[in-house]
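Visitor: One structure coming up, written as C-alpha cells, with questions to follow.
The values are calculated or read from the model by the stated rules, or taken from the named source; none is laboratory data. Just so it is clear, the structure is predicted and the values come from calculations on it, not from any experiment. Using ideal geometry, Cβ is built from the backbone for each residue, glycine included, and neighbour counts are taken over all protein chains shown.
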Amino acid sequence: MRLDKPLATGIIFLLIFLIGFFFVLPKYKQFKSVQLSFEEIKADFNAKYEYYANISDIYQKIQERKDDFSKIDDALPDSPNLGKLSYYFQTESKKSGLLLKDLTLSKLSSKENNAPAEIVFSLNLFGDYSSMMNFMISMEKSAKLFDVISISFKSSDSQLGAVSGDKLKSKGMFDFMLQVKTNSY
Amino acid sequence: MDFLIFYKLLKNNRYWWFDIVFYFLVAFLIALVLSYGIFWIRIVSYQKAINQQIAVLDTVGTEQQKAQEKEVLSYIQKVNDFAGLLQNHRFSSNVFQLIQDKTMPYIWFNQFALDQKNNSVQLFGEADNVENLSRQVVNLEGSDYVEKINLLNSRLGLLGKVAFNINIQFKPNIFDYIATATTPVDSTNNQNSEQGQ
C-alpha cells in the first residue's frame, strides 16, 4: 500500500494546527503559570526566611541589651501604673523636702492608634524653693519621662517668701502648683 | 481556490522538496506531541515542588519565632515612640536656673507662673527702686534665651519699694536638654551681671 503523501501532509498539517492550538498552547500557558507560582512561593519563602532570621538577630541583640531596654519599659510602661506614679510623687517630694498637699489625676487620655496615652497629674506642694528645684531635677533625671507643663507658686507670706538673685534662692515657704505629664501605653 | 489542482499536481509529480516538507511536518508533529508530554511532566513536578515549598513555608514562622517577632515589633514601636517623646521632652528647670542667674541683688520674686506650652513666665516681685528694676529688665532682655518681655507693670509702694509684674516670653530652646549640669549656659550672663552691679 502506497502512502498518499499529499493527503497525509494535509492531515498532518491539520493535526499540527489542532494539537498545537487546543492542547500544547494551553499546556504551555499552564506550565508558565505554575512556574511563576513556584517562583513566587520560592521568593516568599526566601523573604520570610530572611525576615525571621533578622527578627531572631534583633531579638538576640535585645536580649543582650536587656538593661537598656528595661529603661524604655520604665519610661513607657504597658499600663498607666497610677499607684506607682502617685507613690513616686509622694516619695520624691518627701525626699526633696516638700510636702505633697494634694495630688490629682487631671487627664488620662485613651490610647489611639497604639500611640502612648498621656497622663497628667496636678500636684500641690508646699516647701521652699530649693526643695522645689531638687524635686524638678529629680523628675528630669528620672528614667520615666516627666514633662512639667505648668508651674506656679506664690509666697505663703509675701514679706518672707521671696526668691532673689545669687544668694540663696529662697527665703521662705511657697505653695507650688504643678502640672506634670507622663506617658504610658 | 481549488486545492484539488495542487493535490493532483503533487500526486502525479514527484518533487524532491515535497518529501522534505512531509518529513519535516511529521517530525514537527512528533515534537509537538512530545512537548505536550514534557509540559505535562514539568507541571506535575512543579506542583509537587509547590506543595513541598508550602509545607516548608509553614515551618518558617514557628510559634517561638512569632513570639520573638511580637516582642521585637513591640520594642520597635516602643523605641520609636520613646524617641518621639524624648525629642519633645522639655526641661523646665532650665527656666528657673536662668532666672536665678539673671536675677540681680535687691530684686525679689514672690509669685511665679510658668506656662511651658507658650514658653512664657509671669513673675511678680519687688525691687528696692525703679533703677534696679530697669536694670533687671535689661538684664533679662539681654539673655540669649529670652525672646521678649511683653508685659511690664510696676507700682511704687509705701516704703519706696517698687512692686512689679513682668511676662517673659522665652525662646523654645530654653527647654532643651543642656548637657552642662542644670544651669543654662548663657554667654550674656557675666556681662549683664557686671552691668547690673
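Visitor: Suppose we filter the range A:53-70 for residues that are farther than 19 Å from B:GLN64 by Cβ and either facing another protein chain (nearest Cβ under 9 Å) or in contact (Cβ under 8 Å) with a residue 60 or more places away in the chain (or both); how many remain? Before the answer, list the steps.
Guide: Going residue by residue through the range A:53-70, those that are farther than 19 Å from B:GLN64 by Cβ are A:65, A:67-70.
Within this subset, residues satisfying the condition of being either facing another protein chain (nearest Cβ under 9 Å) or in contact (Cβ under 8 Å) with a residue 60 or more places away in the chain (or both) are A:69.
Counting residues in the range A:53-70 that are farther than 19 Å from B:GLN64 by Cβ and either facing another protein chain (nearest Cβ under 9 Å) or in contact (Cβ under 8 Å) with a residue 60 or more places away in the chain (or both) gives 1.
Visitor: Additional query: Being within 16 Å of A:LYS71 (Cα to Cα) and more than 7 Å from chain A (Cβ to nearest Cβ) is the filter here; which residues of the range B:63-82 pass it?
Guide: Once the filter is applied, which keeps residues that are within 16 Å of A:LYS71 (Cα to Cα) and more than 7 Å from chain A (Cβ to nearest Cβ), the range B:63-82 yields B:SER74, B:ILE76, B:ASN80.
Yes/no per residue for (1) within 7 Å of chain B (Cβ to nearest Cβ); (2) within 13 Å of B:TYR23 (Cα to Cα); (3) charged (D, E, K, R); (4) out of contact with any Gly (no Cβ under 7 Å at 6 or more places or on another chain):
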{"position": "A:LEU7", "(1), (2), (3), (4)": "no, no, no, yes"}
{"position": "A:ILE12", "(1), (2), (3), (4)": "yes, yes, no, yes"}
{"position": "A:PHE17", "(1), (2), (3), (4)": "no, no, no, yes"}
{"position": "A:PHE21", "(1), (2), (3), (4)": "no, no, no, yes"}
{"position": "A:VAL24", "(1), (2), (3), (4)": "yes, no, no, yes"}
{"position": "A:LYS27", "(1), (2), (3), (4)": "yes, no, yes, yes"}
{"position": "A:GLN30", "(1), (2), (3), (4)": "yes, no, no, yes"}
{"position": "A:SER33", "(1), (2), (3), (4)": "no, no, no, yes"}
{"position": "A:GLU39", "(1), (2), (3), (4)": "no, no, yes, yes"}
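Visitor: Another one. Can you tell me which residue within the range B:83-106, out of those that are among the hydroxyl-bearing types (Ser, Thr, Tyr) and within 23 Å of B:VAL130 (Cα to Cα), is nearest to the chain's Cα centre (by Cα)?
Guide: B:THR103
Visitor: Sticking with this one: From the list A:SER70, A:SER56, pick out the single residue that is under 18 Å from the mean Cα position of the chain (by Cα) and outside the structural domain of A:MET132 (by TED's automatic domain parsing).
Guide: A:SER70
Visitor: Is there a residue in the range A:96-105 that is out of contact with any strand residue (DSSP E or B) (no Cβ under 9 Å at 6 or more places or on another chain) and part of a helix (DSSP H, G or I)?
Guide: no
Visitor: Residue under question is B:ASN119, and the condition is that it be at pLDDT 85 or above, surrounded by 14 or more Cβ atoms within 10 Å (Cβ to Cβ) and more than 10 Å from chain A (Cβ to nearest Cβ); does it hold? Give the derivation first.
Guide: Numbers: at pLDDT 85 or above: yes; surrounded by 14 or more Cβ atoms within 10 Å (Cβ to Cβ): yes; more than 10 Å from chain A (Cβ to nearest Cβ): yes.
Judged against the criteria, B:ASN119 is a match.
Visitor: I need the full set of residues from the range A:130-154 which are small (Gly, Ala, Ser) and within 7 Å of chain B (Cβ to nearest Cβ), in order please.
Guide: Quick first cut of the range A:130-154, residues small (Gly, Ala, Ser) only: A:130-131, A:138, A:142-143, A:150, A:152.
Residues satisfying the conditions are A:SER150, A:SER152.
Visitor: Right, A:GLU50: closer than 19 Å to B:ARG42 by Cα and more than 7 Å from chain B (Cβ to nearest Cβ) or not?
Guide: So A:GLU50 does not fit the description; no.
Visitor: On the given criteria, is B:PHE91 in a loop (DSSP other than H, G, I, E, B), farther than 30 Å from A:PHE21 by Cβ and modelled with pLDDT under 90? Please lay out each step first, then the result.
Guide: Numbers: in a loop (DSSP other than H, G, I, E, B): yes; farther than 30 Å from A:PHE21 by Cβ: yes; modelled with pLDDT under 90: yes.
When the stated conditions are applied, B:PHE91 passes them.
Visitor: Oh, and also: Does B:ASP101 meet the test of being away from chain A (no Cβ under 13 Å), within 16 Å of B:PHE170 (Cβ to Cβ) and either in contact with a helix residue (DSSP H, G or I) (Cβ under 9 Å, 6 or more places away or on another chain) or among the hydroxyl-bearing types (Ser, Thr, Tyr) (or both)?
Guide: Judged against the criteria, B:ASP101 is not a match.
Visitor: Would you check if A:GLN90 is within 10 Å of chain B (Cβ to nearest Cβ) and modelled with pLDDT of 90 or more?
Guide: Details: within 10 Å of chain B (Cβ to nearest Cβ): no; modelled with pLDDT of 90 or more: yes.
When the stated conditions are applied, A:GLN90 does not pass them.
Visitor: Given (1) modelled with pLDDT of 90 or more; (2) out of contact with any Ser or Thr (no Cβ under 9 Å at 6 or more places or on another chain), identify the lone condition not met by B:TYR46.
Guide: (2)
Visitor: Name the single residue that is surrounded by the most Cβ atoms within 10 Å (Cβ to Cβ) among those in the range A:95-121 being within 18 Å of A:GLU140 (Cβ to Cβ) and out of contact with any Lys or Arg (no Cβ under 9 Å at 6 or more places or on another chain).
Guide: Only one residue tops the list, namely A:LEU98.
Visitor: Given the options B:LEU85, B:LEU29, name the one that is within 8 Å of another protein chain (Cβ to nearest Cβ), over 30 Å from B:LEU114 (Cα atoms) and surrounded by 14 or more Cβ atoms within 10 Å (Cβ to Cβ).
Guide: From the options B:LEU85, B:LEU29, the qualifying one is B:LEU29.
Visitor: A further question on this structure: I'm checking my understanding of the structure. Among residues of the range B:13-22 that are in a helix (DSSP H, G or I) and more than 10 Å from every other protein chain (Cβ to nearest Cβ), which one is modelled with the lowest pLDDT?
Guide: Restricting to residues being in a helix (DSSP H, G or I) and more than 10 Å from every other protein chain (Cβ to nearest Cβ), the top hit is B:TRP16.
Visitor: Every residue in the range B:96-152 that is of a type in the set (Phe, Trp, Tyr) and not in a helix (DSSP H, G or I), please.
Guide: Answer for the range B:96-152, where residues must be of a type in the set (Phe, Trp, Tyr) and not in a helix (DSSP H, G or I): B:TYR106, B:TRP108, B:PHE109, B:PHE112, B:PHE124, B:TYR145.
Visitor: If B:ALA55 satisfies every condition in (1) modelled with pLDDT of 90 or more; (2) among the small types (Gly, Ala, Ser); (3) out of contact with any helix residue (DSSP H, G or I) (no Cβ under 8 Å at 6 or more places or on another chain) but one, which is the exception?
Guide: Exception for B:ALA55: condition (1).
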